[in-house]
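*Asks:* Would you mind keeping the following structure in view while I ask a few things?
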Amino acid sequence: SGDEERYADAPDEVWTSVGPHNYQLPDGTQVWLESGSRITVAKNFLDDRRVNLDGNATFDVAKVKGRNFTVVSNGSDVVVKGTCFSIHNGAKLNLTLFSGAVEFIPSKGGKSIELHPSELLTYNATDGKVEVKEIPRSLQWDDGTYRISQINLHDLVDFIESRYDVEITVAGNVNQNNLRMTASVRYDEPVDSIIDRICYVFKLDCAQRGKKYVLSEGGN
């Protein structure tokens, strides 16, 4: 698009998305920048592959021998060796690694942490607390789309909470044991859309108040 060409010609500009956009950086790295998010790239990017992210994005980083790629987000550094990962900034920073390897250097000056594929790191910048947990390998990233294969409801809720910075409660009357879903979720799909799909597939009702959702057994 015209935006992408202008971006490549003037990589020192600050880009603010008015809607979700996919950009290609001068080194070939793909960035899926979400609505209301901003990425800053310096003129000397090809010499020092460092970008600043304000908001949410997924990166598919081009490998350049001998040169790491660094994303500065919320004061912390994510150092990349050629990989695919997403960053979501809400009440906490959520860093999900799909392939390759990244090193997370927290803003509070704590020790760096290396992530492995199918791991989710959650960082609270307020108290410096870091948590790392595994995510299902059935959750993958494919060129602007999350591919979800036979994921159970519990793991699906975890994904949506970290992805959209919302809180989801599954009522006790829902038998989660055999509830599994296969779906594709575009990076620009609103949270209400994916929750509507979950309710349709599992025949659940949803009550919403702000960023809090309660899923319960359907009435019919």
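*Asks:* Check whether at least one residue in the stretch 44-63 is over 18 Å from H116 (Cβ atoms), in contact with a Leu (Cβ under 9 Å, 6 or more places away or on another chain), open to solvent by less than 10 Å² (accessible area, probe 1.4 Å) and modelled with pLDDT under 90, and report yes or no.
*Replies:* Yes; the residues of the stretch 44-63 include at least one that is over 18 Å from H116 (Cβ atoms), in contact with a Leu (Cβ under 9 Å, 6 or more places away or on another chain), open to solvent by less than 10 Å² (accessible area, probe 1.4 Å) and modelled with pLDDT under 90.
*Asks:* For T145, indicate whether it is of a type in the set (S, T, Y), touching a residue at least 40 places away in the same chain (Cβ under 8 Å) and closer than 26 Å to L33 by Cβ.
*Replies:* In short, yes.
*Asks:* Given the residues E114, E131, which is the only one that is open to solvent by 50 Å² or more (accessible area, probe 1.4 Å), over 30 Å from L179 (Cβ atoms) and outside any loop (DSSP other than H, G, I, E, B)?
*Replies:* On inspection, the qualifying residue turns out to be E114.
*Asks:* Could you tell me which numbered condition S37 fails, if it satisfies all but one of (1) surrounded by fewer than 18 Cβ atoms within 10 Å (Cβ to Cβ); (2) of a type in the set (G, A, S); (3) within 22 Å of E167 (Cα to Cα); (4) without any contact (Cβ under 8 Å) to a residue 40 or more places away in the chain?
*Replies:* (1)
*Asks:* If you don't mind, there's one more thing I want to ask. Of everything in the stretch 151-169, what is at pLDDT below 95, surrounded by fewer than 17 Cβ atoms within 10 Å (Cβ to Cβ) and part of a strand (DSSP E or B)? Give them in sequence order.
*Replies:* Hit for the stretch 151-169 is N152, nothing else.
*Asks:* Moving on to the next point. Within the stretch 92-101, can one find any residue that is touching a residue at least 12 places away in the same chain (Cβ under 8 Å), surrounded by 17 or more Cβ atoms within 10 Å (Cβ to Cβ) and assigned to a loop (DSSP other than H, G, I, E, B)?
*Replies:* Scanning the stretch 92-101, I find at least one residue that is touching a residue at least 12 places away in the same chain (Cβ under 8 Å), surrounded by 17 or more Cβ atoms within 10 Å (Cβ to Cβ) and assigned to a loop (DSSP other than H, G, I, E, B), so the answer is yes.
The values are calculated or read from the model by the stated rules, or taken from the named source; none is laboratory data. Bear in mind the structure is a predicted one, so any value in this text is a computation, not a measurement. We place every Cβ from the backbone using ideal geometry, glycine too, and count neighbours over all the protein chains shown. Accessible surface areas use protein heavy atoms only, side chains included; no ligands, DNA or RNA. Shrake-Rupley method; radii C 1.70, N 1.55, O 1.52, S 1.80 Å.
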